[in-house]
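The values are calculated or read from the model by the stated rules, or taken from the named source; none is laboratory data. All figures in this text were calculated on a predicted structure; none of them were measured in a lab. Don't worry about glycine lacking a Cβ; one is built from the backbone with ideal geometry, like all the others, and counts go over all protein chains shown. Please note that ligands, DNA and RNA were not included when accessible areas were found on the heavy atoms of the full protein model with its side chains. Shrake-Rupley method; radii C 1.70, N 1.55, O 1.52, S 1.80 Å.
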Amino acid sequence: MPDREHFAVLTVDDDARIRRTLRGVLEDEGHETGEASTASEAYAALEKRRWDAVLLDLTMPGEHGLDALLKIREQAPDTAVIVVSGESTLENAVKAGQRGAFDFVPKPINDPEHLLEVLHEAVKVTRLRRGTKPAPNGGVAGPRGIGAGGAEGSKAGAEGSNDAMASIVGECPAVERMREQIRRVAPSNGRVLITGENGAGKELAAFAIHALSKRSGGAFVKLNCAAIPKDLLESELFGYEKGAFTGAVASKKGRLELADGGTLFLDEIGDLALDAQAKLLRALETGEIERVGGTRTAKVDVRLLAATNKDLAAAVKSGDFREDLYFRLNVLPVAVPPLRERKADIGPLASHFLARFAEAEGRAPMNLTDDARELLEEYHWPGNVREMRNLMERAVVLVKDDEVTAADLNPWLESPPEEGEDAGLKGKVARSEIDSIRRALDAADWNVTQAAAGLGIDRTNLHRKMRKYGIARR
């Protein structure tokens, strides 16, 4: 087997013999290992440090592995999780994949080489997500690239504050306005409401605010309210005592306690249930919390940053969001612009991600051709920066040449919504033109130059029409 980099791997399994076997396999390859026998121990291990991958069993006392998988993916979204289980049914494999597992490896481990190959691929994904290279000790160096729209739960400090702002890629007026808003609100202790579409970079704005604040030396703790089942949100936010409910085999701190002295970032706050909204409001007003199943009141000193892609004012009118909580949260507003309003930044941002992923994959530098840049600038970007990041990662992995063209990218872009049947004359003309273009492309086996000649237009004009109508080879 070829020499490998050294990884930090957390094994979560209640069977000590399995943990010992996996530890031996991993340590023989020079990897650093950590162990947890329950889901609660795994959460604690993930709080203490970053891991390159997690090996997760399904059948454990207390919390089932599939439920733990959801929480691990929310707690450490960059870290690849490999399910290693004796419950190797198709149903479990499908459920694990749906909940974000990188792969499913059945027990017993009869082929350690296969497990190591899967692990190697999983760690590549972890490092691509973080946009980092291996550190000399086998860990991961540096903070996650915040231009990707994310931030780690961590401590920032002065150096982190510089990184946080410098890695917000973009120079257009909308981004400059956002930077100015961040600089103005960060030094305050006031609550901040960050608004913007999915994938636009609300979490990166939150981390930058924390990094530039007086609390930058404290913890930056995050909770995605949309990623946690409603019946688990309260216990995640406030914590719980041992025996509070089935599966609560040990007491656990909530995110408010973990953020004491630092910053708590609640993403997708609009998805918070009304009963949880009431308890959060009380915590904000009094600075006191009480764990689920507990009787002791604890004081916490937390700065709250919240984000949403919803119109909370409209949600207040419809009764889906508490008006008093809305006014408590919306003290200092920060707006994150969608990518389609940052046309001047699209080319530099794409090049930034392309260079980062090429380096992480060990490839030679890659470039975008002019027609690829033009295609990206005219695209409507429903997934915003997150979609851009994923698109460039896909290009690095799948495009063989060092130049990425419009033809490479076009099949991966989402078509704009089609007009309805009653769209009138303009819609009928557009549909007729789309049909003509598709027929010409099919006849030319999708050779754009030949199709353009058949239509009696030049190649550039045909590319422009293909971009306009979202025509791509399926």
Could you tell me which numbered condition Val249 fails, if it satisfies all but one of (1) open to solvent by 50 Å² or more (accessible area, probe 1.4 Å); (2) part of a helix (DSSP H, G or I); (3) touching a residue at least 60 places away in the same chain (Cβ under 8 Å)? (2)
Does any residue of segment 39-46 turn out to be over 20 Å from the mean Cα position of the chain (by Cα), under 24 Å from Val221 (Cα atoms) and assigned to a loop (DSSP other than H, G, I, E, B)? no
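Each row is one residue, and each column tells you yes or no for (1) closer than 29 Å to Ala200 by Cβ; (2) at pLDDT 90 or above; (3) in contact with a helix residue (DSSP H, G or I) (Cβ under 7 Å, 6 or more places away or on another chain).
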| site | (1), (2), (3) |
| --- | --- |
| Lys214 | yes, no, no |
| Ile228 | yes, no, yes |
| Gly239 | no, no, yes |
| Ala250 | no, no, yes |
| Ala259 | yes, yes, no |
| Asp267 | yes, yes, yes |
Among the candidates Leu256, Leu264, single out the residue that is open to solvent by less than 40 Å² (accessible area, probe 1.4 Å) and not in a strand (DSSP E or B). Leu256
Consider segment 329-367. How many of its residues are in contact (Cβ under 8 Å) with a residue 24 or more places away in the chain and closer than 22 Å to Ala174 by Cβ? 22
Quick check on this structure: which one of Ala372, Ala344, Ala350, Ala335 is open to solvent by 40 Å² or more (accessible area, probe 1.4 Å), among the aliphatic types (A, V, I, L, M) and within 20 Å of Arg467 (Cα to Cα)? Ala344
Ala53, sole failed condition from (1) in contact with a helix residue (DSSP H, G or I) (Cβ under 7 Å, 6 or more places away or on another chain); (2) open to solvent by less than 60 Å² (accessible area, probe 1.4 Å); (3) hydrophobic (A, V, I, L, M, F, W, C); (4) modelled with pLDDT under 85: (4)
Is there a residue in segment 277-284 that is in contact (Cβ under 8 Å) with a residue 40 or more places away in the chain and assigned to a strand (DSSP E or B)? no
Collect the residues in segment 63-94 that are more than 22 Å from Arg129 (Cβ to Cβ) and either modelled with pLDDT of 85 or more or surrounded by fewer than 17 Cβ atoms within 10 Å (Cβ to Cβ) (or both), keeping them in residue-number order. Glu63, His64, Asp67, Gly86, Ser88, Thr89, Leu90, Glu91, Val94
If you check every pair at least six apart or on different chains, which have Cβ atoms under 7 Å apart with a residue in segment 169-185 that is under 20 Å from Lys343 (Cβ atoms) and touching a residue at least 60 places away in the same chain (Cβ under 8 Å) first and a residue that is part of a helix (DSSP H, G or I) and open to solvent by 80 Å² or more (accessible area, probe 1.4 Å) second? Ala174/Glu341
